Amino acid sequence: MARLDLKAVLLASALAMLGAAVNAEERYGIGRAATPAEIAGWNIDIGRDGANLPPGSGSVARGRVVFSEQCASCHGESGQGGVGDRLAGGQGTLASPKPIRTVGSYWPYAPTLFDYIRRAMPQNAPQSLDNADVYAVSAYILSLNGIVPENAVLDATSLAAIRMPNRDGFISDPRPDVHNH
């Protein structure tokens with residue numbers, strides 16, 4: 001599948017919802033158009049290059065605490081997995097008969113870790129962590145995988161600069177990007 005520009009998809013979706021809301025409001029007397037502020041509240045995507053990472057920072061030490069409180073019940077104390085996916089280890093296993101897909105072995109870009117945690121975690125309360133805690137949990141998970149040191153403090157610049165071990169492990173889609181026409 002060709003790489004989609006997430007902002008274009010979000011904008012098109014927002015416009016479609018706006019049109020549907022206006023139509024529903026006029027046609028059925030229900031609903032209303034989303035305000036720009038409401039749309040902006042969902043426009044929180046982070047690019048793989050770190051585009052749109054917010055201000056703030058977080059340390060591995062703080063991430064260990066937040067992870068213990070918010071994440072360990074599903075992912076295990078050291079990210080070894082449980083009810084939730086395993087997050088640490090697995091380096092060197094992707095080409096083996098039993099690959100172990102973790103943040104450290106599989107994910108190609110560190111900023112997408114921030115994006116995923118901020119949007120979807122913890123599963124029982126997505127988007128409840130502030131940016132500093134998301135940076136901290138990202139730092140902790142990356143440290144569990146040996147990607148950043150125990151004393152690391154991550155912010156937008158340092159997170160975007162991380163080169164993940166599997167960065168070159170994916171094959172690019174050679175088809176033309178549908179949004180470049």
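Structural remarks
- Residues being surrounded by 13 or more Cβ atoms within 10 Å (Cβ to Cβ) and closer than 24 Å to Gln80 by Cβ - total across the stretch 125-145: 14
- Of the numbered criteria (1) of a type in the set (Gly, Ala, Ser); (2) touching a residue at least 12 places away in the same chain (Cβ under 8 Å); (3) closer than 19 Å to Phe170 by Cβ, the one Ser143 fails is (3).
Yes/no matrix, rows are residues, columns are (1) more than 14 Å from Ser57 (Cα to Cα); (2) charged (D, E, K, R):
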site: Asn131; (1), (2): no, no
site: Val134; (1), (2): no, no
site: Ala139; (1), (2): no, no
site: Asn145; (1), (2): yes, no
site: Asn151; (1), (2): no, no
site: Asp155; (1), (2): no, yes
site: Ile162; (1), (2): yes, no
site: Asp168; (1), (2): yes, yes
site: Pro174; (1), (2): yes, no
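- Filter pass, Asp49 being surrounded by fewer than 16 Cβ atoms within 10 Å (Cβ to Cβ), in contact with a helix residue (DSSP H, G or I) (Cβ under 6 Å, 6 or more places away or on another chain) and either among the basic types (Lys, Arg) or touching a residue at least 12 places away in the same chain (Cβ under 8 Å) (or both): no
- Restricting attention to the stretch 84-99, the residues that are aliphatic (A, V, I, L, M) and within 22 Å of Phe114 (Cβ to Cβ) add up to 2.
- Qualifying position, being under 19 Å from Pro165 (Cα atoms), small (Gly, Ala, Ser) and at pLDDT below 95, among Ala110, Ala95: Ala95
The values are calculated or read from the model by the stated rules, or taken from the named source; none is laboratory data. Worth saying up front: this structure is predicted, and the values here are computed from it rather than measured. Methodologically, a virtual Cβ is constructed for each residue, glycine included, from the backbone with ideal geometry; neighbour enumeration extends over all protein chains shown.
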